[in-house]
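Visitor: Take this structure first; my questions come after.
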Amino acid sequence: MSRILVTGGAGYIGSHTAKALAAAGHEPIVYDNLSTGHAWAVRWGPLVVGDLCDRDRLAGAIADYRIEAVIHFAASAYVGESVLRPRFYYRNNICNTMNLLDVMLETGVNDIVFSSSCATYGEPRSIPIPEQHPQEPLSPYGESKHFVERMLNSYGNAYGLNWVSLRYFNAAGADPEGEIGEVHEPETHLIPLAMQAASGQRDALEIFGTDYASPDGTAVRDYIHVSDLAAAHVSAADYLRGGNESLAINLGNGAGYSVREVIASVEAVTSLSVPVVYAPRRPGDAPVLVANADRARSVLGWTPSFPDLGGIISSAWDWFSTSTASPAIAGGTSVDFIASP
């Protein structure tokens with residue numbers, strides 16, 4: 001069993017990965033400042049409340065738990081917000097990651113799996129997008145992820161840090177067992193927003209841009225189930241623990257769906273109508289993003305368990321239908337908790 005530090009492990013993808021790590025025989029130690037994460041989502045190991053800017057707190061957690069590897073999710077992740085607040089994104093995503101890498105070197109932890117993004121590619125020159133595609137991000141968020149990838153490469157060359165950068169596409173869905181799922185404030189992801197509109201929790205779903213070069217004019221994305229993402233992170237950590245070379249890997253299903261196609265699928269799953277309003281394109285949004293995930297299959301032996309959009313949306317709807325009234329979500333659950341000093 002390996003003890004793995006999961007930064008941002010109280011968040012959406014991080015909490016699903018913590019569950020997958022525990023199921024694979026590892027012990028996840030969640031390190032999260034709870035600015036966007038949720039204590040109730042930490043159920044498979046202890047929670048250390050701390051910020052990556054607090055190097056002493058971080059070094060103490062790594063030493064106290066004898067951490068052997070890191071999976072790094074902690075970051076700000078709203079493309080539109082990053083355009084308006086670039087200083088915040090560069091400080092939080094780049095400077096704090098540098099703190100993490102430096103503390104890892106100081107404490108002798110050499111393996112890190114990094115939560116990167118397809119946003120590093122920018123507007124694609126070919127579809128599906130391979131890992132060799134030029135990285136020309138369109139937003140400060142994408143720039144921050146790209147810079148960290150370059151930093152990982154430099155730290156690997158200079159200091160022997162071992163890394164896997166997982167560039168994933170649009171995370172969606174929820175834990176099939178219903179224990180955790182997607183809860184953001186504010187919510188910005190298409191599928192839960194469509195469900196909120198369908199159920200009357202919001203007046204309508206905004207569609208940003210109807211003039212893209214796509215079959216129906218709306219943006220096209222590759223949706224990947226959050227549990228499939230979690231499984232890939234576990235496989236990447238095991239890959240590094242096996243002494244393999246550092247590399248970047250795409251994670252996606254390899255199929256693109258437009259905003260209107262997603263809405264139609266939500267309506268089919270829920271048997272409800274999704275009211276919509278139209279808005280201009282958002283800055284930083286690419287028209288089409290679809291993954292070539294062959295490397296994930298060949299290197300990690302990873303195969304998605306939820307390859308179709310309908311199954312992904314069904315799991316999201318199951319969670320959505322029960323979570324809004326759940327006392328555990330509203331008030332938190334019991335966790336191994338280490339209070340901030």
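Visitor: Only one of these conditions is not met by SER2: (1) among the polar types (S, T, N, Q); (2) more than 17 Å from the chain's Cα centre (by Cα); (3) open to solvent by less than 10 Å² (accessible area, probe 1.4 Å). Which number is it?
Guide: With (1) among the polar types (S, T, N, Q); (2) more than 17 Å from the chain's Cα centre (by Cα); (3) open to solvent by less than 10 Å² (accessible area, probe 1.4 Å) applied to SER2, the lone miss is (3).
Visitor: Then there is this: Only one of (1) at pLDDT 95 or above; (2) of a type outside the set (S, T, N, Q); (3) on the phi < 0 side of the Ramachandran plot fails for ARG66. Which number is that?
Guide: (3)
Visitor: Does LEU251 qualify as being over 15 Å from PRO130 (Cα atoms), in contact with a helix residue (DSSP H, G or I) (Cβ under 6 Å, 6 or more places away or on another chain) and modelled with pLDDT of 95 or more? First the steps, then the outcome.
Guide: Details: over 15 Å from PRO130 (Cα atoms): no; in contact with a helix residue (DSSP H, G or I) (Cβ under 6 Å, 6 or more places away or on another chain): yes; modelled with pLDDT of 95 or more: yes.
It is false that LEU251 is over 15 Å from PRO130 (Cα atoms), in contact with a helix residue (DSSP H, G or I) (Cβ under 6 Å, 6 or more places away or on another chain) and modelled with pLDDT of 95 or more.
Visitor: In the range 1-52, what residues are in contact (Cβ under 8 Å) with a residue 40 or more places away in the chain and among the charged types (D, E, K, R)?
Guide: Those that are in contact (Cβ under 8 Å) with a residue 40 or more places away in the chain and among the charged types (D, E, K, R): ARG3, LYS19, ASP32, ARG43, ASP51.
Visitor: Which of the residues spanning the range 54-76 are hydrophobic (A, V, I, L, M, F, W, C) and open to solvent by less than 60 Å² (accessible area, probe 1.4 Å)?
Guide: Restricting attention to the range 54-76, the residues satisfying the condition of being hydrophobic (A, V, I, L, M, F, W, C) are 58-59, 61-63, 67, 69-71, 73-75.
Correct list: LEU58, ALA59, ALA61, ILE62, ILE67, ALA69, VAL70, ILE71, PHE73, ALA74, ALA75.
Visitor: Out of ASP54, ASP32, report the one residue that is among the acidic types (Asp, Glu), over 19 Å from the mean Cα position of the chain (by Cα) and modelled with pLDDT of 95 or more. First the steps, then the outcome.
Guide: Working: ASP32 fails: over 19 Å from the mean Cα position of the chain (by Cα).
Selected residue: ASP54, the only one of ASP54, ASP32 that is among the acidic types (Asp, Glu), over 19 Å from the mean Cα position of the chain (by Cα) and modelled with pLDDT of 95 or more.
Visitor: Considering only the range 36-76, state which residues are part of a loop (DSSP other than H, G, I, E, B) and β-branched (Val, Ile, Thr). Explain how you work it out, then say what you get.
Guide: Step one: list which residues in the range 36-76 are part of a loop (DSSP other than H, G, I, E, B), which gives 36-38, 42-46, 50-54, 65-68, 73-76.
Listed by number, the residues that qualify are THR36, VAL42, ILE67.
Visitor: List every residue pair whose Cβ atoms lie under 6 Å apart, where the two residues are 6 or more positions apart in sequence or sit on different chains, the first residue falls within the range 243-268 and is touching a residue at least 12 places away in the same chain (Cβ under 8 Å), and the second residue, located anywhere, is open to solvent by 40 Å² or more (accessible area, probe 1.4 Å) and in a helix (DSSP H, G or I).
Guide: These pairs meet every condition: ILE249/ARG295.
Visitor: For the range 222-254, enumerate the residues that are of a type in the set (Gly, Ala, Ser), open to solvent by 30 Å² or more (accessible area, probe 1.4 Å) and in a loop (DSSP other than H, G, I, E, B).
Guide: GLY242, GLY243, SER246, GLY254 - these are the residues of the range 222-254 that are of a type in the set (Gly, Ala, Ser), open to solvent by 30 Å² or more (accessible area, probe 1.4 Å) and in a loop (DSSP other than H, G, I, E, B).
Visitor: Looking only at strands (runs of 3 or more DSSP E) that fall completely inside the range 113-217, which ones have 2 or more residues that are open to solvent by 50 Å² or more (accessible area, probe 1.4 Å) and either touching a residue at least 40 places away in the same chain (Cβ under 8 Å) or in contact with a strand residue (DSSP E or B) (Cβ under 6 Å, 6 or more places away or on another chain) (or both)? Steps first, please.
Guide: Numbers: elements: 162-168, 170-172, 205-208.
Ranges flagged: 205-208.
Visitor: Name the residues in the range 87-112 that are open to solvent by 50 Å² or more (accessible area, probe 1.4 Å) and of a type in the set (Asp, Glu), would you? So that I can check it myself, show each step before the final result.
Guide: First, pick out the residues of the range 87-112 that are open to solvent by 50 Å² or more (accessible area, probe 1.4 Å): 87-88, 90-91, 95, 98, 105-108, 110.
Of everything in the range 87-112, just one residue is open to solvent by 50 Å² or more (accessible area, probe 1.4 Å) and of a type in the set (Asp, Glu), namely GLU106.
The values are calculated or read from the model by the stated rules, or taken from the named source; none is laboratory data. No experiment lies behind these values; they were computed from the predicted model shown. Virtual Cβ from ideal backbone geometry, glycine too; neighbours counted across all protein chains shown. We work out accessible area using only protein heavy atoms, side chains counted, and drop any ligands, DNA or RNA first. Shrake-Rupley method; radii C 1.70, N 1.55, O 1.52, S 1.80 Å.
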